[in-house]
Every structure is written in structure tokens, then in C-alpha cells.
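Quick notes on the structure that follows.
All of the numbers you see were taken from the coordinates with simple rules; none came from a lab. Quick caveat, the model's predicted, so the values are computed rather than measured. Positions of Cβ are generated from backbone atoms using ideal geometry, with glycine treated the same way; all protein chains shown enter the neighbour counts.
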Amino acid sequence: MGFFGLFKKGGPTQKQIDKQVTRLKEQYAKPEYRQMAMDQLFSWGTHECLVGLIGRFKVVVQSPYYDEQEKRWLVDQLVELGEPAKEVLKEFVIRENEVTYPIQALSRLCSKQELEQLLKNALTARSPEDYRSSEGKMELIAALEEYEIPNSSELIALYLNDHHDEVKCIALDVLFRNKSSSVYPRVTQMLGDDTHSARVLRHAAAKVHEFEVALPDNQALAPEVAEDFEVKSGKLSRVNG
């Protein structure tokens, strides 16, 4: 549909594009209103229109049903469009936070190797110190697991030291679900590090206990961990458990 628009001369002005982009981001409008805006941008089909279109992924509209329906529709249309959409989507995943749906599209447009490299590059571009990209980091860590990207554990483990508790917790969840034993020593070190929040310390302790991770004899426990756990026979045990 929009593919042929990529080769048209005398395309829309930026003002015309911006008007449609504003409409597709109207959170409280009827879905038909946003749909007309997306249809118009696809019909013009320029690079600038595609950039505007995928901005829809950054907006959550009032109705959860229509929000998901519209985003899934947009994913399908971008996949149908092919290569022109692929490059715009890649740029989006590298720089924006709301990456789950764009990654769904790219998983259908990219080879496994290409997707692997993109997801790793996108996460690496968001350092643990970057407080503005927490949502993006969480969605990318989840995507590394969902799309079964190999050799991801060392990269994910870097985010055990993220500034945001939610990022640390999802990193712990993914690492333990995938039994990434090579990074367990870094998790056990966290148990004695009270620079982490009480929430993160307790989450880490619960994982170490659940997976019966071996501990050194001199394992230190932060006060928040020692409230509920103790070291017995090289394992973490619940106090009075």
C-alpha cells in the first residue's frame, strides 16, 4: 500500500505529515480517527511518513483493546511494507523506549543473526547509568529472552547494577529462568551489598534460595537479607524455615 508512495514525486509537506501524526497520537479520539491518519501516512509512503507512523508505538490510548489492536495492525502493515520499514524500525529500537511492538515487526523482517545483533546493540546503547531509558532496557532484556537470543547472560548481568530497581529485578528473573549459572557469583555478591535497595536484595535472595545456589563459607548478608535468610551448609536458608 505505502510502498508505491515511496517513489512518488511531490509528496506531502512536513506540515501535512505532522498534522496526521498528531491525529494518530490522539489518546481519547475514536479509533477510526487514528486509523484514517495512519492510512493517509501509508498512502503517502515517504520516509518521513514512516517515521511519523511508528510514533504510534509511543502512545497508549484510552482503550487497552484498541491500543493493542492498532499496534498489531501497524506491525502487520510494516512487515508487509518490508525493507523501507525495516530501516526505520531499526533506528527506532536503537533510540526509543517503547520497543516491544517494533521488535515484533523486526523479528519477522530480520534474520535470526540480524535480530540478535540489533537487540544486543540496542541494549548496549542504554548504559546502566542512563536513568532515561529504564523502560527500553526492561523491554529489551525481556526480548532477549523471548526471542531466545544466545550468549546474552553476560550482557544482561551488567544491568544488575542498573540505577532502576525494576531493571535489576527483570535482569534477575531472566538470568535465573535461563539458569545462567556463570553469573550467579555476581548475584551472590549482591546479597552483602547494601548499596542495593531492600527490594532488590530480597528479590536476589529469593532467587538464590529458590535455585539453591552454592554460597562461599564467608558469604556476607546485608541486614535486609539477614532478616529472612541465613547461610546453612553452603546454601541460603530461610530463618525458622
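Once you have the Kirkwood Rh of the chain from its Cα pairs, apply Stokes-Einstein at 37 °C and 0.692 mPa s and quote D in µm²/s.
163 µm²/s
Angle check, please: helix 134-146 long axis (alpha carbons) against the longest principal axis of the chain (alpha carbons), in degrees 0 to 90, nearest 10.
Between helix and principal axis, roughly 80 degrees.
Between 0 and 90 degrees, rounded to the nearest ten: what's the tilt of helix 64-81 against the longest Cα principal axis of the chain?
Between helix and principal axis, roughly 70 degrees.
Anyone know which of Ser152, Ser127, Ser63 comes out most mobile in the 10 Å Cα GNM of the chain?
Ser63
Hull surface divided by four, with the convex hull built on the Cα atoms of the stretch 14-127: how many nm²?
Dividing the Cα hull surface by four gives the mean projection, 7.0 nm².
Just to verify a number: FRET efficiency for Lys30 and Lys58, C-beta to C-beta distance, R0 = 25 Å, to 0.05?
0.80
List the chymotrypsin sites (Phe, Trp or Tyr not before Pro) within the stretch 8-106 that DSSP assigns to loop and that have no more than 14 neighbouring Cβ atoms inside 10 Å.
Tyr28
With a 10 Å Cβ neighbour count serving as the proxy for reagent exposure, in which order, fewest first, do Arg23, Arg126 appear?
Arg23, Arg126
Can you tell me the FRET efficiency between Asn161 and Asp18 if r is taken as the Cβ-Cβ distance and R0 is 35 Å, rounded to the nearest 0.05?
0.30
I want to verify a result. In a Gaussian network model of the chain, Cα cutoff 10 Å, which of these has the top mean-square fluctuation: Ala85, Ala205, Ala226?
Between Ala85, Ala205, Ala226, it is Ala226 that shows the largest mean-square fluctuation.
Name the shape class, rounded, prolate or oblate, that the alpha-carbon gyration tensor gives for the stretch 179-226, where a ≥ b ≥ c are the square roots of its eigenvalues, rounded holds for a/c under 1.5, and otherwise prolate holds if a/b is larger than b/c and oblate otherwise. Don't skip to the end; give the middle numbers.
On the way: a/c = 1.69, a/b = 1.37, b/c = 1.23.
The shape class here is prolate.
Of Lys86/Lys168; Lys86/Lys120; Lys179/Lys235, which sit over 23 Å apart, Cα to Cα? Intermediate values should be presented prior to the final figure.
Working: Lys86/Lys168 30 Å; Lys86/Lys120 17 Å; Lys179/Lys235 17 Å.
The pairs that break the limit, which is 23 Å between Cα atoms, are Lys86/Lys168.
What relative contact order, as a whole-number percentage, does the chain give when Cα pairs under 8 Å and 6 or more residues apart are counted?
11 percent
Using only Cα atoms, tell me the angle between helix 100-109 and the longest principal axis of the chain; keep it within 0 to 90° and round to the nearest 10.
Around 70 degrees separate the two axes.
Of the candidates Leu81, Leu175, Leu140, which one comes out as most mobile in a Gaussian network treatment of the chain with C-alpha springs shorter than 10 Å?
Of the options given, Leu81 has the highest mean-square fluctuation.
Let me check against my output: what whole-number percent is the relative contact order of the stretch 14-131, with C-alpha pairs under 8 Å and at least 6 apart?
So the answer I get is 20 percent.
In deg cm²/dmol and to the nearest 500, what is the mean residue ellipticity at 222 nm of the chain if only DSSP H runs of at least 4 residues count, each as -39500 (n - 2.57), divided by the residue total?
Computed mean residue ellipticity for the chain: -17500 deg cm²/dmol.
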